[in-house]
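Quick notes on the structure that follows.
The values are calculated or read from the model by the stated rules, or taken from the named source; none is laboratory data. Since we're looking at a predicted model, the values are computed, not measured. As a convention, Cβ positions derive from the backbone with ideal geometry for all residues, glycine included, and neighbour counts pool all protein chains shown.
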Amino acid sequence: MRITQNMMGNNILRQISNGYGKIADYQDQLASGKKITRPSQDPVVAAMGISYRTDVSHVEQYLDNVTTAYKWLDSSDDALTQLNDVLSRIRDLTVQASNGTYDAAQREAMSTEIGQLTEQIITIGNTQVGGQYIFSGADNRNPLLTKDGNGTITINQQALDHPNMNIAVNDGITTPISVDPNQVFTETLFGDLNDLQQSLKDSASTNEGIGSYLSRIDTHLNRVTNTQADLGALTNRIDMVKNRLGAQKTIATKVMSNNEDADYAETIINLNQQQNVYNASLSVGARIIQTSLVDFLK
């Protein structure tokens, strides 16, 4: 095959252009911190990068869910603490009313206070986080407790039938983050409080009769305490889930970084080498391109 001057010139120009393109690629890597800036530069790295980013995105979403879980659990624990305080106050009033030192008017005042405390229990039962009722289970868009004009308290039946609010914490794994309303906000609770109010209003009520409500109130207090213990167990599980997700995110981020992040030291070395090659190509190219027929006739 005959090699012409034109062929040699075109070839050297092509090689110079390719070298300049490689310099541009290395400069892009240093500027962006990534091995590639376009999928066409390395389709394998690009495809794997999409997969790794999806993994990281999933973990981050589950971590967001864990944050939501903490909000629900912390709010539930705070509400149960308030409920415990309210029931303890009702118990104190019952003890005072049953010792025989209070007259009918004073018992009437106690009955009124217990009525107000019952209203507070309704408020606690309808605690919201982000517009959702935390004690309404799966029916968290609607309140757990309602009271009509006659003073009748109604419990959301859907919340009782579906008491758990679950949240995804990993692929295919969910965990409850709500308190079962059947454990604390029961018809028995409100029935006992109503009966206690009526007994305090009734002048015929005996000290023993009023004192009999103490065991009922203690039962409700114990249920609240047991529910708080269950809530603590849920919180411990979420703590473990959070630690596991944190480890998964670290691993996934590291793998993603190894796949697509540029090695600055290696890239700088490659850039310097390519610049030297490019400069040498320019020098050789200048000599070849400048050669003409006149040069050969000399």
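Might you let me know whether segment 47-65 holds any residue that is among the acidic types (Asp, Glu), modelled with pLDDT of 70 or more and out of contact with any helix residue (DSSP H, G or I) (no Cβ under 8 Å at 6 or more places or on another chain)?
Checked against the condition, which is being among the acidic types (Asp, Glu), modelled with pLDDT of 70 or more and out of contact with any helix residue (DSSP H, G or I) (no Cβ under 8 Å at 6 or more places or on another chain), segment 47-65 yields at least one hit.
Restricting attention to segment 96-125, which residues are hydroxyl-bearing (Ser, Thr, Tyr) and outside any helix (DSSP H, G or I)?
Matches in segment 96-125: Ser98, Thr101, Tyr102.
Scan segment 99-126 for residues that are more than 44 Å from the chain's Cα centre (by Cα) and among the polar types (S, T, N, Q) and report the count.
Count: 3.
Taking the residues in segment 239-298 that are out of contact with any strand residue (DSSP E or B) (no Cβ under 8 Å at 6 or more places or on another chain) and acidic (Asp, Glu) as candidates, determine which candidate is modelled with the lowest pLDDT.
Asp295
Only one of (1) within 15 Å of Leu221 (Cα to Cα); (2) out of contact with any Leu (no Cβ under 6 Å at 6 or more places or on another chain) fails for Leu87. Which number is that?
Of everything listed in (1) within 15 Å of Leu221 (Cα to Cα); (2) out of contact with any Leu (no Cβ under 6 Å at 6 or more places or on another chain), Leu87 misses just condition (2).
Only one residue in Gly21, Gly9 is touching a helix residue (DSSP H, G or I) at 6+ places or on another chain (Cβ under 7 Å), modelled with pLDDT under 70 and not β-branched (Val, Ile, Thr), so which one is that?
Exactly one of Gly21, Gly9 is touching a helix residue (DSSP H, G or I) at 6+ places or on another chain (Cβ under 7 Å), modelled with pLDDT under 70 and not β-branched (Val, Ile, Thr), namely Gly9.
Among the residues of segment 66-98 satisfying the criterion of being of a type in the set (D, E, K, R) and over 24 Å from the mean Cα position of the chain (by Cα), which is nearest to Met240 (Cα to Cα)?
Once the filter is applied, the top-ranked residue is Asp85.
Quick one: how many residues across segment 72-107 are surrounded by fewer than 15 Cβ atoms within 10 Å (Cβ to Cβ), charged (D, E, K, R) and modelled with pLDDT under 95?
Qualifying residue count for the region: 1.
All but one of (1) surrounded by 14 or more Cβ atoms within 10 Å (Cβ to Cβ); (2) polar (S, T, N, Q); (3) farther than 30 Å from Ala104 by Cβ hold for Gln157; state the number of the condition that does not hold.
(1)
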